[in-house]
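Notes follow the structure.
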Amino acid sequence: MSLLELHGVSRSFGALRALSDIDLTVEPGELRAVIGPNGAGKTTLFNLISGFFPPSAGRILFEGREITGEQPARLVARGIIRTFQITEIFPDLTVYENLRLAVEAAMGLTFRPFLGAAGRRAVARRAEELLEAVHLADKADRVASELAHGDQRIVEMGITLSREPRLLLLDEPTAGMGEEETEHMVGIIRRLNRERGITMLFIEHDMDIIFGVADRITVLENGTLLAEGNAAEIAANEAVQAAYLGSRR
Ligand SMILES: Nc1ncnc2c1ncn2[C@@H]1O[C@H](COP(=O)(O)OP(=O)(O)OP(=O)(O)O)[C@@H](O)[C@H]1O
Ligand SMILES: [Mg+2]
């Protein structure tokens with residue numbers, strides 16, 4: 001069974017058709033890039049999959065069940081987790097505290113100040129596991145606001161993982177990052193996919209990252225699905241080359 005299916009999905013904003021008749025299937029374990037010129041409809045696609053607004057037409061299925069029009073909180077509970085353009089962390093807390101709070105929230109323990117010793121140990125274990133997963137153990141005691149932008153986004157990845165995603169939607173995860181931070185982030189994305197089997201869709205503009213990381217690539221242009229395939233197929237696709245001429249960031 002496919003993990004995610006979109007059938008004839010469209011979304012309009014007034015007279016503007018941000019997405020038209022999109023058919024898309026994502027298999028479990030896939031690492032899929034979503035690319036396309038500015039305004040192609042990539043973020044809108046994520047907004048529809050994560051329930052931020054309903055499609056104007058079409059159906060969305062997750063693990064074979066219809067989720068069209070379901071609220072974001074329900075979809076998070078099902079394991080559809082997204083990240084945002086803006087970094088969402090507690091700036092005055094340390095990296096470790098940020099992850100600990102995320103774990104408590106994910107375990108439903110936020111308003112239980114008198115958590116027993118066993119509960120506290122379970123939370124600490126999980127927070128440490130997340131620190132390892134995103135390779136931030138050496139920065140555990142740093143205050144989040146003092147970290148470089150890229151590291152803050154990586155903390156956010158750790159927070160995202162606390163929710164145990166079955167489908168992770170990453171909107172430009174390396175935007176605004178330097179070379180080293182980008183490598184760190186790309187390494188994490190690859191490991192989470194290969195080692196933990198987390199299925200991911202990621203929006204990206206950097207061709208080296210796209211071709212180096214993605215199993216498959218979906219190309220949107222002007223709200224339509226222009227092409228889909230592996231790196232070699234997309235690189236050789238003339239329609240894709242034409243769409244990118246002059247419009248690549
Ligand atoms: N909430 C909204 N209300 C009105 N128009 C919107 C809304 N969200 C997106 N749009 C419009 O839909 C089109 C697609 O936007 P979208 O943000 O999905 O593009 P994108 O591919 O993510 O672009 P970028 O690469 O610049 O992030 C654009 O014309 C945009 O202005
Ligand atoms: Mg966007």
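The values are calculated or read from the model by the stated rules, or taken from the named source; none is laboratory data. Bear in mind that the values here come from a model prediction, so they are computed numbers and not experimental data. Cβ coordinates were reconstructed from backbone atoms using ideal geometry, including for glycine residues, and neighbour counts include every protein chain displayed.
Taking the numbered list (1) within 13 Å of ligand 1 (Cβ to nearest atom); (2) surrounded by fewer than 21 Cβ atoms within 10 Å (Cβ to Cβ) in turn, V76 passes all entries but (1). Note on the range 1-18: residues that are more than 19 Å from the chain's Cα centre (by Cα) and closer than 20 Å to E204 by Cβ total 1. For the range 89-107, indicate whether the set of residues that are outside any loop (DSSP other than H, G, I, E, B), within 16 Å of ligand 2 (Cβ to nearest atom) and crowded, with 20+ Cβ neighbours inside 10 Å is non-empty. No: zero hits.
Scanning the range 183-191 for residues that are among the acidic types (D, E), surrounded by 14 or more Cβ atoms within 10 Å (Cβ to Cβ) and either at pLDDT 95 or above or within 16 Å of ligand 1 (Cβ to nearest atom) (or both) turns up nothing.
Only one residue in G223, G176 is within 30 Å of D92 (Cβ to Cβ) and within 16 Å of ligand 1 (Cβ to nearest atom). Which one? Spell out how you get there, then give the answer.
Details: G223 fails: within 30 Å of D92 (Cβ to Cβ).
Result of the check over G223, G176: G176.
Residue count for the range 66-88, restricted to those that are within 16 Å of the chain's Cα centre (by Cα) and either assigned to a loop (DSSP other than H, G, I, E, B) or in contact (Cβ under 8 Å) with a residue 60 or more places away in the chain (or both): 12.
Take the range 18-55 and flag every residue that is surrounded by fewer than 17 Cβ atoms within 10 Å (Cβ to Cβ) and within 14 Å of ligand 1 (Cβ to nearest atom). Write out each step before concluding.
Residues of the range 18-55 surrounded by fewer than 17 Cβ atoms within 10 Å (Cβ to Cβ): 21, 23, 25, 27-29, 38-39, 52-54.
Those that are surrounded by fewer than 17 Cβ atoms within 10 Å (Cβ to Cβ) and within 14 Å of ligand 1 (Cβ to nearest atom): N38, G39, F52, F53, P54.
Looking only at the range 201-224, which residues are farther than 13 Å from R32 by Cβ and either touching a Lys or Arg at 6+ places or on another chain (Cβ under 6 Å) or crowded, with 21+ Cβ neighbours inside 10 Å (or both)? Correct list: H205, G223. Return a yes/no flag: does the range 148-167 have any residue that is more than 21 Å from the chain's Cα centre (by Cα) and either over 30 Å from V34 (Cα atoms) or of a type in the set (A, V, I, L, M) (or both). The answer is no; no qualifying residue exists.
Can you pull out every residue in the range 6-64 that is closer than 20 Å to T83 by Cβ and of a type in the set (F, W, Y)? Correct list: F46, F52, F53, F62.
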